[in-house]
1. Give the residues of the range 22-34 that are surrounded by 12 or more Cβ atoms within 10 Å (Cβ to Cβ) and within 19 Å of residue 76 (Cα to Cα), sorted by residue number.
2. Residues to consider are 68, 32; find the one that is more than 30 Å from residue 119 (Cβ to Cβ) and without any contact (Cβ under 8 Å) to a residue 40 or more places away in the chain.
3. Of everything in the range 1-37, what is in a helix (DSSP H, G or I) and under 18 Å from residue 81 (Cβ atoms)? Give them in sequence order.
4. Taking the condition of being more than 26 Å from residue 134 (Cα to Cα) and surrounded by fewer than 16 Cβ atoms within 10 Å (Cβ to Cβ), how many residues in the range 1-21 meet it?
5. Give the residues of the range 98-143 that are within 19 Å of the chain's Cα centre (by Cα), assigned to a loop (DSSP other than H, G, I, E, B) and surrounded by fewer than 18 Cβ atoms within 10 Å (Cβ to Cβ), sorted by residue number.
6. Determine, yes or no, whether residue 43 is touching a residue at least 40 places away in the same chain (Cβ under 8 Å) and surrounded by 13 or more Cβ atoms within 10 Å (Cβ to Cβ).
7. Scan (1) surrounded by fewer than 24 Cβ atoms within 10 Å (Cβ to Cβ); (2) within 15 Å of residue 124 (Cβ to Cβ); (3) touching a helix residue (DSSP H, G or I) at 6+ places or on another chain (Cβ under 9 Å) for the single condition residue 76 breaks and write down its number.
8. So if I check each of 55, 95, which one is loosely packed, with under 15 Cβ neighbours inside 10 Å and either in a loop (DSSP other than H, G, I, E, B) or at pLDDT 95 or above (or both)?
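The values are calculated or read from the model by the stated rules, or taken from the named source; none is laboratory data. Note that the structure is predicted; figures quoted are calculated from it, not measured. Heads up, the Cβs are rebuilt from the backbone with ideal geometry, glycines too, and the neighbour counts pull from every protein chain shown.
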């Protein structure tokens, strides 16, 4: 399997923020932005692997600035790191006031996707390599994020086991 540069997986989506997309504060619903993020990140992962993928985790979604009604939201994603069957994807969302042209990074996120075969079983993906300084920085610290992700996933499994499916939990 040939290695691929991070840039090969770049996926971009721009949307106009309209009234149905906003909450009572006139800003974009966080869940709506998260749906854009998952969609564009999945496109980047598929573009890298050229295989079907499933979302394995969302490490973080950090909302840094509000996105107002009438603004545009541009979501960009690319694969930063791979490990056997999984791909870490970095996502950046930029909001733009379409009337003034003022732009700011409003959200960053890391998601992990796993490539799957026709039976939904994980399958290997090509390695990714960074080219730009920003890509190199993200790639360098990816193993640390992966270790944190693994630890957090184990904790989540313990919570699921302890709380089970019944309510109340005792």
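1. Selection gives 28, 29, 30, 32, 33, 34.
2. Answer to the selection: 32.
3. Those that are in a helix (DSSP H, G or I) and under 18 Å from residue 81 (Cβ atoms): 6, 7, 8, 9, 37.
4. Looking only at that region, the number is 4.
5. Scanning the range 98-143 gives 127, 141.
6. No: the conditions fail for residue 43.
7. All conditions are met except number (2).
8. Of 55, 95, the one residue that is loosely packed, with under 15 Cβ neighbours inside 10 Å and either in a loop (DSSP other than H, G, I, E, B) or at pLDDT 95 or above (or both) is 55.
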